[in-house]
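Working notes, structure below.
The values are calculated or read from the model by the stated rules, or taken from the named source; none is laboratory data. The model shown is predicted, which means the values in this text are computed figures rather than measured ones. Using ideal geometry, Cβ is built from the backbone for each residue, glycine included, and neighbour counts are taken over all protein chains shown. Surface accessibility is based on the protein's heavy atoms, side chains included, excluding ligands, DNA and RNA. Shrake-Rupley method; radii C 1.70, N 1.55, O 1.52, S 1.80 Å.
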Amino acid sequence: MVRWWHLAALLALVGPANAADLSLQRIMLSSGGVGYFEYEATVDGNATLSLDVPLDQVDDILKSLVVYDDGGTAGEVTLPGREPLTQTFVDLPFDRTALDSAPALLNALQGAEVRVTGAKPMNGRLLRVVEETSRGADNLAIPRNRVTLLTDAGIEQFILEDADSIAFVDPELQKKVAAALSRLAAYRSDGRRRLTLESHGTGTRSIRVGYVVAVPLWKASYRLSLPGDPRPDRARLQGWAILENFSGQPWHDVSLTLLSGNPVTFRQSLFESYYVTRPNVPVEVAGRVLPKLDTGSIGAELAAAPFPAPQQKALAMARSAAEAVPAPPPPASAPAQIEAAQAAESVTQIVFALPYKVSVAAGQSLVLPILDRELPAQRIDVYQSSADQRHPLAAIALNNDGETGLPPGVLTLYEQATAAGATYLGDARLAAFPPGETRMLS
């Protein structure tokens, strides 16, 4: 007996083979709220690479995708479109509802030649599938579908549920039905899209693929430890980075770099379909000419309609730049040593490259040490009438004598007062701290 799922299995389209999956190797997280993700694969000769990405990242990937291949050339990139299902069926001889059941599909393809196997094999062209009800034991109603074909012997009928299989004789029609099922399956997984990248080249080589997408902002937090000396000249500052892996995939032994700056980032809906609005003009149809009877005088009137000169419109473009106003920080003392990141400063941002690989499961948060320095520090009293009318505030004057700046973050102060342990002094906020400058943390 044939069932709809039998027919679907018969017409299923086999997916492409020899597609290499790219593995995540490198991540750069920016304080601008974006992250650079780089994948790598080893290929030999021409290759097809595949990458599964969330739908909400496709716009950013289309904007920023870059391919590195020293021994070959990058080819086309394809992915399932975003258009509604009605658009995916425009080139097929049936619509989406035809795939709801086997009778619906057969009725949508009236006239198609089919081959039926089973107790009553036959070949013919589809006329109609009609649902009917038969009576079984205890007068139980059994729904079934009667298929009518036009065969060489005339009009013949069979019960769809009694057939072993039904196949379309035309191989092109068979492919179209299979393509429709494939598109339907791809559309169901509308939360993700599979990108397919073509690479052309010879020999074994490594290919890297990178892109920039939105990620949660990574945060910096500091611990400043002061020695027990009431007049210290240096303090120990340790910095930590707090970040989240909300990328939808685990990070396994990836190289991680943190960027602190204020890059220009934006989004553009490149995955949407846009159509240019065009004016609808009437079709020019020659009017019926009926000459007037001559009454002795023929006059003509000409109406002149002056064309107004086109008006020029000016476009004004405004650019604005906002600069962050820095604020003060705190100190550090004798906590355990940490494996700090390699810090470097460029013209626009501070780079923290971690010296070890990072692994974290999807949906997990991570706290990583990024710096461990001793900085010149001095205890002072700061009077701020807006904070307290009568008493000055205890503060730390901290000087950044390092080669790189420090990203903004919250800071916790400790004092190594006794051998038994540290004393908590309070919290402060550290604004962006360029090298060579001094901040007061109150």
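Can you find even one residue in region 49-56 that is over 22 Å from H252 (Cα atoms) and among the acidic types (D, E)? Yes, region 49-56 contains a residue that is over 22 Å from H252 (Cα atoms) and among the acidic types (D, E).
Residue by residue through region 368-410, note down the ones that are part of a loop (DSSP other than H, G, I, E, B), touching a Pro at 6+ places or on another chain (Cβ under 9 Å) and over 23 Å from N245 (Cβ atoms). If the condition is that a residue be part of a loop (DSSP other than H, G, I, E, B), touching a Pro at 6+ places or on another chain (Cβ under 9 Å) and over 23 Å from N245 (Cβ atoms), then Y383, Q384, N400, D401, G402, E403, T404, G405 are the ones that fit. Scanning region 336-367 for residues that are in a strand (DSSP E or B), of a type in the set (S, T, N, Q) and open to solvent by 80 Å² or more (accessible area, probe 1.4 Å) gives a single hit, Q342.
Taking the numbered list (1) at pLDDT below 90; (2) exposed (fewer than 13 other Cβ atoms within 10 Å of the Cβ); (3) in a loop (DSSP other than H, G, I, E, B) in turn, L92 passes all entries but (2).
R26 meets each of the listed conditions (1) modelled with pLDDT of 90 or more; (2) buried (at least 17 other Cβ atoms within 10 Å of the Cβ) apart from (2). Of the residues A180, A241, A185, the single one that is among the aliphatic types (A, V, I, L, M) and open to solvent by 30 Å² or more (accessible area, probe 1.4 Å) is A185.
When residues in region 393-435 are screened for being within 38 Å of the chain's Cα centre (by Cα) and of a type in the set (S, T, Y), 2 of them pass. Say whether the condition of being open to solvent by 20 Å² or more (accessible area, probe 1.4 Å) and under 26 Å from Y356 (Cα atoms) is met by at least one residue in region 40-55. Yes, region 40-55 has at least one match. Can you confirm whether F246 is within 20 Å of the chain's Cα centre (by Cα), surrounded by 16 or more Cβ atoms within 10 Å (Cβ to Cβ), in contact (Cβ under 8 Å) with a residue 24 or more places away in the chain and part of a loop (DSSP other than H, G, I, E, B)? No; evaluated as a whole, the condition is false for this residue.
Tell me, yes or no, whether region 269-283 has at least one residue that is within 28 Å of A432 (Cβ to Cβ), open to solvent by 80 Å² or more (accessible area, probe 1.4 Å) and either touching a helix residue (DSSP H, G or I) at 6+ places or on another chain (Cβ under 7 Å) or in contact (Cβ under 8 Å) with a residue 24 or more places away in the chain (or both). No, there is no match, as no residue in region 269-283 is within 28 Å of A432 (Cβ to Cβ), open to solvent by 80 Å² or more (accessible area, probe 1.4 Å) and either touching a helix residue (DSSP H, G or I) at 6+ places or on another chain (Cβ under 7 Å) or in contact (Cβ under 8 Å) with a residue 24 or more places away in the chain (or both).
Conditions tested, residue by residue: (1) modelled with pLDDT of 90 or more; (2) surrounded by 13 or more Cβ atoms within 10 Å (Cβ to Cβ); (3) in contact with a strand residue (DSSP E or B) (Cβ under 7 Å, 6 or more places away or on another chain).
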| position | (1), (2), (3) |
| --- | --- |
| L140 | no, no, no |
| F158 | yes, yes, yes |
| A167 | yes, yes, yes |
| K176 | no, yes, no |
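Set side by side, the residues T265, T196 differ, and just one is of a type outside the set (D, E), farther than 30 Å from P335 by Cβ, open to solvent by 20 Å² or more (accessible area, probe 1.4 Å) and assigned to a loop (DSSP other than H, G, I, E, B), which is T265.
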